[in-house]
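I have placed the structure first, in the form of structure tokens, so that the comments after it can refer back to it.
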Amino acid sequence: MAGVPPKKGVAFTFTIALTSQADTKLFKTNPTIAAGDFTVSKDQGAYANLTTLPDAEPDGSSSVRIQLSADEMDADEVRVLCHDAAGAEWCDQLVTILTDTATVGEIEALVDDIGEAGAGLTAIPTIANVTTVDSVTTVGATGLAAIAAAVWDRLTSALTTAGSVGAYVLSKLGLLTSATSVTVASPISGGTVTTVQGDDYKADDGRAIEWTVATTAELTGGTVAVIVEGVDTYTGSVVDETTIRLELTAAQTAAIPVGPHRYQVIVTQTVGNGSDVLTLVQGTWTSARRVSA
């Protein structure tokens, strides 16, 4: 049975009728068809005789059956030119066939398979409490709860499709860190640091202030300057190509005036491009007063 639309590279049979030259209001009954009367062109290529000569089907009728082989159908556009070589019985005709990679029936079969394991598909849970009245589908509370549960139980390891909402949300969740560090997603970006006067911020205590940066510049071996505007310049360190660390003593934090201050994290390369200066982070540094009893 012929598929709809015709499938590329798959044999296809269709029926036409040829107009009589004697009376162009009528189709020619049982037309005479000879070799060379029907030719085929693939993707605007040269015409060639059909492998199977068309014939009246059923016999004695005006219906002409055209059978194209898989090779003749192996094109995005297939043209069948009908030309009476003898030139006196029926009129010329051109049939253009646009092929596709799957028929409607095949697509429907794939849709029917959704929810069933096999053929490379993963089983999809059935949504309960769904009703359809007058072509309007309604999902009840039970079904909505099932959908919500499926969304919230989705593993983060599966949220990897570029441009998807899941991947975007996961990337933003990665920016959440402890109060003693700031994660920066791009080289020049805002990030708030909050320190308490008189507190130590050391790696040994797990309290070092760290920025995670994304840059193609080579940071390893570079010198780090953390500048708090109007306060001081502190020397940080490059932990690896994505992490910059700053450790402060109690004396240093006590000297930072209470309130917000602008700050920048600047790395000067010692390898890669030599002495290039890179401002990788800028934002607000807030110094909090130590409360007293």
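Residues whose amide H comes within less than 5 Å of that of T243, counting only those at least five positions distant or on another chain, are V213 (H built at 1.01 Å from N in the peptide plane).
Straight-line reach only, C-alpha to C-alpha below 21 angstrom: list the lysines that K42 could link to, leaving out same-chain residues fewer than 8 apart. Answer for K42, where 21 Å is the Cα cut-off: K7, K8, listed by chain and number. Taking amide H as placed 1.01 Å from N in the peptide plane, the amide H of S61 sits under 5 Å from that of N30, each at least 5 places away or on another chain. Close amide H contacts of I97 (hydrogens built in the peptide plane, cut-off under 5 Å, sequence separation of 5 or more or a different chain): V78, R79, V80.
Kirkwood radius, the range 182-288, all distinct C-alpha pairs, inverse of mean reciprocal distance: 13.8 Å.
Computed 3J(HN,Hα) for the range 47-62, one whole-Hz value per residue from the Karplus formula 6.51 cos²θ - 1.76 cosθ + 1.60 where θ = phi - 60°, is 6, 9, 4, 5, 5, 10, 5, x, 8, 6, 9, x, 4, x, 9, 9, glycine and proline marked x. Computed from phi, the 3J(HN,Hα) profile of the range 247-252 under the Karplus parametrisation 6.51, -1.76, 1.60 (θ = phi - 60°) reads 10, 10, 8, 4, 5, 5 Hz, with x in place of Gly and Pro. Calculation over all alpha carbon pairs of the range 12-98 in 10 angstrom steps from 0 returns a P(r) of 18, 52, 26, 4 percent.
Every number here is computed from the coordinates shown, using simple stated rules; none is lab data. In this text the structure is predicted, and so the values were computed from the model without any measurement.
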